[in-house]
Amino acid sequence: MTHSPSDAPATRQAPPLVLTIAGSDSGGGAGIQADLKTMLALGVHGMSVIAAVTAQNSLGVQGYWELPAEAVRAQLDSVLSDIGVHAIKTGMLASTTLVETVAEALAASDAPAVVDPVGVSKHGDSLLAPEAVQAVRSVLLPAATVVTPNLYEVEQLTGVKVVDEAGLREAAEAVKALGPRWVLIKGGHLPGEPADLLFDGERAHRFTAPRHDNRHTHGTGCTLASAIASHLALGDDVPAAVAKAKQYVTGAIAAGFPLGAGIGPVDHGWRHRI
């Protein structure tokens, strides 16, 4: 049986393209693995540049090894020169050299960049060399479209310690002074109703969500940043992307499940199980 050209299936267009530059989590709950699951769930094509490898499970991080700068640079060049991106997300970068390498790539790209300035793991394990904090301040944050620090990372970057929701604005102003276009201060660890503050230097947007009685929250920061990047790639502006990302991660937290003997992950596929 022969087929005419009109019988041939139409060539499918690629979905929006999002690149994560982060560390690998062997337990699958955070890092590159969480990023790619989030991107798949939100309908974009996820790509990855691995900056570090962790030995990690539900109990904590047993060790990490950063990749050589030339390996990270080669991965970046490979993806950006051929495929391109509509948005970029960064996570664990480990060292000054890798922070500088990634910041250079972000500055050279027109794609929006969501920077999760990862300092420690959910278990309190350090994932950023102390001497690399200044490089995050001086070269990475100025290249960010949105930066998404938690309260520990705010204090690490600015010295501002937030103890209640009233302190979120001061924290946002301090991080904004380091150069990103937008700052999202994550206030989930404060008492009371969880509230995050998005700030661009003039306008402030407050986002709230119900607090779920669930200890299985591994990967929340990675998931939120990746969801924001995904929605930016899909065409949303920053406030809309953050609102949709918050909705997605709140559902993922509610559906978090036990894994191993410690803290389990959020469920990136929760919408497909409703």
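The values are calculated or read from the model by the stated rules, or taken from the named source; none is laboratory data. Please read all numbers here as calculations on a predicted model, not as lab measurements. Note: ideal-geometry Cβ built from the backbone for every residue, glycine included; neighbour counts use all protein chains shown.
Listing for the model above:
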| read-out | value |
| --- | --- |
| Strands (runs of 3 or more DSSP E) fully within the stretch 10-88 counting 3 or more residues that are under 25 Å from Ala245 (Cα atoms) | 17-25, 45-57 |
| Residues located in the stretch 189-230, provided they are in a loop (DSSP other than H, G, I, E, B) and buried (at least 24 other Cβ atoms within 10 Å of the Cβ) | Gly219 |
| Residue in the stretch 118-157 that is surrounded by the most Cβ atoms within 10 Å (Cβ to Cβ), counting only those that are of a type in the set (A, V, I, L, M), out of contact with any Ser or Thr (no Cβ under 7 Å at 6 or more places or on another chain) and not in a helix (DSSP H, G or I) | Val147 |
| Pairs where the first residue, in the stretch 52-76, is under 15 Å from Thr96 (Cβ atoms) and modelled with pLDDT of 95 or more and the second is surrounded by 14 or more Cβ atoms within 10 Å (Cβ to Cβ) and of a type in the set (S, T, N, Q), C-beta under 8 Å, 6+ apart | Ala52/Ser24; Glu66/Ser95; Ala69/Thr97; Ala69/Thr101; Val72/Thr101; Arg73/Thr101 |
| In the stretch 158-171, the residues that are part of a loop (DSSP other than H, G, I, E, B) and of a type in the set (Gly, Ala, Ser) | Gly159 |
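Yes/no matrix, rows are residues, columns are (1) touching a residue at least 24 places away in the same chain (Cβ under 8 Å); (2) hydrophobic (A, V, I, L, M, F, W, C):
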site: Leu140; (1), (2): yes, yes
site: Val163; (1), (2): yes, yes
site: Arg169; (1), (2): yes, no
site: Ala177; (1), (2): no, yes
site: Arg181; (1), (2): yes, no
site: His189; (1), (2): yes, no
site: Leu197; (1), (2): yes, yes
site: Ala204; (1), (2): yes, yes
